[in-house]
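Have a look at the structure below, then the notes.
Every number in this text was worked out from the coordinates using simple rules, so none of it is lab data. Just so you know, these numbers come straight off a predicted model, no measurement behind them. Positions of Cβ are generated from backbone atoms using ideal geometry, with glycine treated the same way; all protein chains shown enter the neighbour counts.
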Amino acid sequence: MKKDKGEVAKILSLSLITKLPSSLLHYCSPFTSPSKNTTLIPRDVVTHIQVFTIRADIAMESSSQRLHRGHQARPRSQNAQGIPSVHAAIQGRNQEMLKAILMQQSDLISTHDEAGRTPLSYAAYKGFEDMVEYLLKEFPKSISERDKDSSHAVHKACLGGHINVLKVFHLYFPKSLLVADRNGRTILHVAAKEHREKLIDVVSYLVRLPEIGKLLLCKSDDEGDTPLALASESNNRQIQKILQQYMA
């Protein structure tokens, strides 16, 4: 059961009195009116008790205030719209806000939004190369974070047709372009299967990359399909033609 500060102070005072010499205890209690024949506790003892209780109140108030300030200083994990605070900062391309949030609570780098995307994946999906670069430089371990669908940030950049973002990934972590999703598919598999005009340029960029391009072309997914096989199955002729050219 909770006690207010007055009750706690009273208990503290009583505790102090019980430690006084027994010769003083029978004189009076500070919480009852003394009778005419009762000798009061010496003034210096009463003053000491009063100071003790006041300081106890101040200590409790200070502790409460410090706790309140601590909660206020800790950044909220979501904004008023329910969007994770890190994702909201990325959405606004506010790098200073993003930096401030992650300095206070670095574990938010692993949060997911409603679509199951990590902050890095969300920045890649939006095509914000400046935000992607900041996260890769300051939080390099975020490169290994998966979205809830088990894909990676590079997959989101690829599907968005964001070559500028893929270039940032290649600059800082070249091998990140080789990671696979839950079906064993790389970003070239994903691009080869989709019928999107903007992915034609993505495929052209990927196959031209030294070493990385050749590895992407030859890699098979969990069902044994190469990017060229998926392009053929999907009748994705333009991409199929590009892949055939670089497979030769």
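Taking 0.36 nm per residue of separation and subtracting the Cα-Cα distance, what length does fully extending Ser220 through His195 add? Walk me through the intermediate numbers first.
On the way: separation 25, 0.36 × 25 = 9.00 nm, distance 1.99 nm.
Roughly 7.0 nm would be gained on extension.
Here Asn183 and Lys141 are evaluated by their C-beta separation; at R0 = 22 Å the FRET efficiency comes out at 0.35.
Counting other beta carbons within 10 Å of each Cβ, put Arg208, Arg185 in order, fewest first. Mind dumping the intermediate values first?
Values: Arg208 11, Arg185 24.
Ascending Cβ contact count within 10 Å gives the list Arg208, Arg185.
Taking the Cβ of each residue in Ser150, Ser121 as the centre, tally the other Cβ atoms inside 10 Å and list the residues starting with the fewest. The order, fewest Cβ neighbours first, is Ser150, Ser121. Shape call for the stretch 125-247 from the C-alpha gyration tensor, a ≥ b ≥ c root eigenvalues: rounded (a/c under 1.5), prolate (a/b greater than b/c) or oblate? Because a/c hits 1.5 or more and a/b exceeds b/c, the stretch 125-247 counts as prolate. A simple rule links phi to the HN-Hα coupling: the Karplus curve 6.51 cos²θ - 1.76 cosθ + 1.60 with θ = phi - 60°, which for the stretch 82-93 gives x, 8, x, 4, 5, 5, 5, 5, 5, 4, x, 6 Hz, with x for Gly and Pro.
Taking amide hydrogens as placed 1.01 Å from N in the peptide plane, the amide H of Gln78 sits under 5 Å from those of Ser85, each at least 5 positions away in sequence or on another chain. Spacing of the modelled spin labels on Ala248 and Tyr205, each 7 Å from Cα toward Cβ, amounts to 2.6 nm. Packing order of peptides 191-203, 100-112, highest average first: 191-203, 100-112 (average count of other Cβ atoms within 10 Å over each peptide's residues).
Tell me, what is the FRET efficiency for Tyr172 and Gln238 to the nearest 0.05, using R0 = 30 angstrom and their Cβ-Cβ distance as r? Please list the in-between numbers first.
Details: r = 30 Å, r/R0 = 1.00.
For Tyr172 and Gln238, the calculated efficiency is 0.50.
Cross-link check: pairs Lys141/Lys193; Lys141/Lys219; Lys148/Lys198; Lys156/Lys193; Lys167/Lys214; Lys141/Lys175 evaluated at a Cα-Cα cut-off of 22 Å; pairs beyond the cut-off: Lys141/Lys193; Lys141/Lys219; Lys148/Lys198. The protection proxy used here, the mean number of other Cβ atoms lying within 10 Å of each residue, ranks peptides 156-162, 233-239, 133-139 as follows, highest first: 156-162, 133-139, 233-239. Taking label positions 7 Å along the Cα-Cβ direction at both Ile83 and Ser150, the computed distance is 3.0 nm, reported to one decimal.
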